[in-house]
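The values are calculated or read from the model by the stated rules, or taken from the named source; none is laboratory data. As the structure is a computational prediction, the values presented were derived from the model and not from experiment. Methodologically, a virtual Cβ is constructed for each residue, glycine included, from the backbone with ideal geometry; neighbour enumeration extends over all protein chains shown. Remember, those area values only see protein heavy atoms, side chains included, never the ligands or the DNA or RNA. Shrake-Rupley method; radii C 1.70, N 1.55, O 1.52, S 1.80 Å.
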4 protein chains.
Amino acid sequence: MSAATARTAILLIHCADQQGLVAAICDFIARNQGNIVYLDQHVDTHRGVFFMRIEWELARFRIAAEAIGEVFGEAIGHRYKMHWTLSFSDDVPRIAIMVSRLPHCLYDLLSRWQSGEWRVDIPLLISNHEDLRDVAERFGLPFHVFPITPESKARQEEKLLELLREQRIDLIVLARYMQILGPRLIADYPDKIINIHHSFLPAFPGARPYHSAHARGVKIIGATSHYATVELDAGPIIAQDVAHITHRDPVEELIRKGRDLEKLVLARAVWAHIQRKILCYDNRTVIFD
Amino acid sequence: MSAATARTAILLIHCADQQGLVAAICDFIARNQGNIVYLDQHVDTHRGVFFMRIEWELARFRIAAEAIGEVFGEAIGHRYKMHWTLSFSDDVPRIAIMVSRLPHCLYDLLSRWQSGEWRVDIPLLISNHEDLRDVAERFGLPFHVFPITPESKARQEEKLLELLREQRIDLIVLARYMQILGPRLIADYPDKIINIHHSFLPAFPGARPYHSAHARGVKIIGATSHYATVELDAGPIIAQDVAHITHRDPVEELIRKGRDLEKLVLARAVWAHIQRKILCYDNRTVIFD
Amino acid sequence: MSAATARTAILLIHCADQQGLVAAICDFIARNQGNIVYLDQHVDTHRGVFFMRIEWELARFRIAAEAIGEVFGEAIGHRYKMHWTLSFSDDVPRIAIMVSRLPHCLYDLLSRWQSGEWRVDIPLLISNHEDLRDVAERFGLPFHVFPITPESKARQEEKLLELLREQRIDLIVLARYMQILGPRLIADYPDKIINIHHSFLPAFPGARPYHSAHARGVKIIGATSHYATVELDAGPIIAQDVAHITHRDPVEELIRKGRDLEKLVLARAVWAHIQRKILCYDNRTVIFD
Amino acid sequence: MSAATARTAILLIHCADQQGLVAAICDFIARNQGNIVYLDQHVDTHRGVFFMRIEWELARFRIAAEAIGEVFGEAIGHRYKMHWTLSFSDDVPRIAIMVSRLPHCLYDLLSRWQSGEWRVDIPLLISNHEDLRDVAERFGLPFHVFPITPESKARQEEKLLELLREQRIDLIVLARYMQILGPRLIADYPDKIINIHHSFLPAFPGARPYHSAHARGVKIIGATSHYATVELDAGPIIAQDVAHITHRDPVEELIRKGRDLEKLVLARAVWAHIQRKILCYDNRTVIFD
């Protein structure tokens, strides 16, 4: 189901739940000689929504890759009023990483890319500060700095948007980028901006969550990766994890332990996204295994 | 997908992987007006085996419940050389619990039954010792003692088998039963005897695993629930979990912390089994979510 | 350090941090022939507060048990302006459990008591409903019902207080007791009322946290045990734990998975308390290992 | 207790358990005007061994740093037949990292060093293969290759030992170094070689543990960091952690998930070591918090 090395097509589908959906989709692929290598589906019975991720090998598939979208739409998609996205296993997502001053998530992302763990392109880094330029240079990456002041913010974000478009960016990863993005940027990249927040949301949104966690005397700290939306720290949650702490841990130790959580929880979200395993609806996520 | 309260049918299927399996099965149910409320499937690509759990509402299903097995077999099952088991959401499994001297798993199982958390029948308790008779009485349960000596073992197990058959037992739960079962009993209840072992197998099989764990200086302890097979502590693993320990924990503390692990890991296995979410093959388990 | 079976004395101390505290306390015990079997200390450097738990065998201790408090006070306690509590390993805490309608935490607590896992007395159960009377009877316990209405609340709580005093209760455990306690009761049992809340506080305080967690689309759920204070769900946190969930889990499944979390997290808090391993200050807890 | 920024001295002590040890040590420091900022101790009652880590500020300490060892020995150490090591908070450990072909642990270690998370020197990388030379170059590090064949092994290890001595290496970290070290090297660096093994030892020692884990059908995988000893994968365990897997995970997915475990578990061990928080005895570790 997983170790498909041949080229595959991937459909992510959601629509109103109806009888016969799975049969119709599977039959469409089987009839055209597609060998299904992944199938997972979910029905939100409360909301009456159907979700599916299906992946099949193209080797002997009777429909040419570039025609699949149209043929599927005519045969199945329109009939069931589906929303769907089609992608291929050899598509390589282009990722822009945005950072401020903290390097731990950045190093982790770049290591996964450089070591070949992830098959992605990272054509550039973006920051509002100069601090991490040396990391960019270490990895041979262009480093674009957009200093942000209240006055310059709107204009800077316009230039940033232009750069992202020019570079054909598919996914923006906020690797502890400490600025709030403008609504225009968020609107242009819906469910395509992944942020890491350093608390188990919805606890401790906003600034300095480790200080708040310490002040409250909690026994666990956490990290949350989510898609950025206009409301701060309130977008669809992709992944969360926690670590146990004790009364011995001062806030500096929370920050230290939290770094490893942040790295992992951000990486899990990016991995799920680039595997096309995430569907968003109603401010929540379906994450296929 | 889950909160189905209407009566449903459940098929657990495995067979050689072939094209069109999912489509055929889904189509069979859809054509007969079955509303699918659960569908999960898995393909072991290495071994070329297909697994599926599918559940659908019977309210408007065109085939009478008692005929489904035969009709499904003729239409689908035989054609694809499937192994399948059919059950219904209102089947109530009859469970025999076997214990020795330790009460923690027993109390936990009985509490889940009595509080209505699990819809099962527990018609009797079985032990090789008198120690836990008071627990049985507390819960109003017959308590059968089969004292085991090397000489009496074979004969006692025959009487035990008779009792199990007489009581129409579907599932045997070894809740820290400290005797090795004979091959006859194991053969008569294949994948129907769940044991809890107090280590993260395959580490520390056999007797006194907490002592061995302490001697080795490990930093985690664990518990493993598995189906009993003739080889000790080597059957298909259903669930495992662990807890962190430190140098401060003497062996008594490992035993204390382990109790909670054992309770939970055994309960998870029984829950998965009575939900008909487990398929066994090749000494391993597929556990549907 | 732990397997002390001989009678021991336990001092829980906190005071302003000063040089020489540990030396003075250890010297006092050593000089009087006490064999220290547990010593843990903590300094909150930010607040400048010193905390210690020390336990020693009384077998050859030169000061009689009933005089230790006075002698320690004169020799050490007053000089360093300490707050301290002295207890003995053979003190058996008397616990009142308060419940409403949900039995899972109650069963778990009673099982630990009955099986000898905890050395405590549980002389009575208290509820605002009749529902769990059968559990009380199963364990042979008096079951006191104080139905609460807005009008009767004050008067009922007075009667409850009287009962608690009469029964010389040391610790009150709210095992999913769904009523808010009055300020009088809380004031009379400072740091002696343990509550279990079914979320990872401070997320989702108040009513129906699993529904809120589901609505927010979180990927972890949690449970929090804490001492009750007048502000709801805001008291010193004792223990927290979490479980991972997925988009597949409807709210009923969150409630089901949460039950096991609640049981464990409540039991951990009670265990730490009866081991005299908790010190409270500034709305937070020091929990010695 | 932790955020000590002034220069401190650290004593790691173990000896036969005796009355008055803590009092004597604390009194020695207090009498000489040392402000204790960390104190943790442990007694293995079964073996009768006492362990302690104590750290104090040197600012107003009456004994000069270079004389502390001698004075402590005369006043306390010899009298109680202690083994002790003295170090100072501004000592910077020199670490040699040894790798083969897998870069994930290496990247993680180098990132922590370069970002200032750890205050250590990493003067060189050592490998038996050329594969990771580019990572070394990326971080500006000398990369020494010692190709190993059965014939060359002894001679190569001699040259390696010479290099390590020349570079005054304090700690060797085997970051997925796939060669077994010779007994001479192990003897020269007792409790100073940290290895990461990709299983929850003692399960699956030796080669290809993920394949073995998959074959056995376990539901958790793990990683173990330990000090290298002559017996393979049998040295004192420092840290362990696990991740849950399911039947869906093929062996490639175990390897992928395992990488993150390996990184974290190795980093935790190195962190504990460079904080001087580990004591070894009897093939086990005491890890102070």
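Miscellaneous remarks
- For C:LYS159, the solvent-accessible surface computed with a 1.4 Å probe is close to 110 Å², ligands and nucleic acids excluded.
- For the stretch C:3-88, the per residue solvent-accessible surface stands at 43 Å², with DNA, RNA and ligands left out and a 1.4 Å probe.
- Chains A and C together bury roughly 2800 Å² of accessible surface, counting both sides and using a 1.4 Å probe on protein heavy atoms.
- Each helix, a run of at least 4 DSSP H residues, gives -39500 (n - 2.57); summed and divided by the residues of chain C, these come to -9000 deg cm²/dmol at 222 nm.
- Straight Cα distances below 27 angstrom link D:LYS192 to the lysines A:LYS257, B:LYS219, D:LYS81, D:LYS153, D:LYS159, D:LYS263, D:LYS277, with same-chain residues fewer than 8 positions distant left out.
- Chain-alone versus full-assembly comparison, the stretch D:87-131, residues with accessible loss of at least 30 Å² (1.4 Å probe): D:TYR107, D:SER111, D:ARG112, D:GLN114, D:SER115, D:GLU117
- Per-q log10 I(q)/I(0), chain C, q = 0.07, 0.10, 0.11 Å⁻¹ (Debye; single scatterer per alpha-carbon; no solvent): -0.31, -0.61, -0.73
- Legend: calculated FRET efficiency, B:ALA64 to B:VAL92, from the Cβ-Cβ distance at R0 = 25 Å, rounded to 0.05, equals 0.75.
- Take every Cα pair under 8 Å whose residues are at least 6 apart in sequence, average their separation, divide by the length of the stretch D:94-287, and the relative contact order is 19 percent.
- Relative compactness, the stretch A:1-91, computed as alpha-carbon Rg over 2.2 N^0.38 Å: 1.04
- Each residue of the stretch D:87-98 was assigned a 3J(HN,Hα) from its phi angle through the Karplus expression (A = 6.51, B = -1.76, C = 1.60, θ = phi - 60°), giving 9, 10, 4, 9, 5, 10, x, 9, 10, 9, 9, 10 Hz with x at Gly and Pro.
- Remark on the stretch C:34-79: accessible area falls by at least 20 square angstrom from chain-alone to full-complex state for C:ASN35, C:LEU39, C:ASP40, C:GLN41, C:HIS42, C:VAL43, C:THR45, probe 1.4 angstrom.
- Values of log10 I(q)/I(0) for the stretch C:91-146 across q = 0.21 Å⁻¹ run -0.73, by the Debye formula with one identical scatterer at each alpha carbon and no solvent.
- When the alpha carbon gyration tensor of the protein assembly as shown is reduced to an equivalent ellipsoid, its three semi-axes come out at 47, 41, 31 angstrom, largest first.
- If the chain linking B:HIS129 and B:HIS78 were pulled fully straight, counting 0.36 nm for each residue of separation and taking away their Cα-Cα distance, it would gain 13.6 nm.
- Take the Kirkwood radius over Cα pairs of the stretch B:134-260, plug it into Stokes-Einstein at 25 °C and 0.890 mPa s, and you get 151 µm²/s for translational diffusion.
- Max mean-square fluctuation residue, GNM over chain B, Cα-Cα springs under 10 Å, options B:VAL99, B:VAL71, B:VAL145: B:VAL71
- Beta bridges per DSSP with both ends in the protein assembly as shown, % antiparallel, nearest 5: 70
- Net charge in the neighbourhood of A:PRO236 (other residues with Cβ under 15 Å of its Cβ; Lys, Arg +1, Asp, Glu -1) is +2.
- Convex hull per residue volume in Å³, alpha carbons only, for the stretch C:116-196: 106
- Solvent-accessible area of the protein assembly as shown (1.4 angstrom probe, protein heavy atoms only): carbon and sulfur portion equals 51 percent.
- With a simple spin-label model that places each label point 7 Å from the Cα along the Cα-to-Cβ direction, the separation between B:LYS257 and D:GLU158 comes to 4.7 nm.
- 5 angstrom amide H check on B:LEU124, placed H, neighbours 5+ away: B:ILE97
- Remark: the stretch C:274-282, residue by residue, has Karplus-estimated 3J(HN,Hα) of 6, 7, 6, 10, 10, 10, 10, 7, 6 Hz, where x stands for each Gly or Pro and the curve is 6.51 cos²θ - 1.76 cosθ + 1.60 at θ = phi - 60°.
- Residue-wise HN-Hα coupling along the stretch A:75-83, computed from phi with Karplus coefficients 6.51, -1.76, 1.60 (Hz; x: Gly, Pro): 6, 10, x, 5, 4, 9, 6, 7, 9
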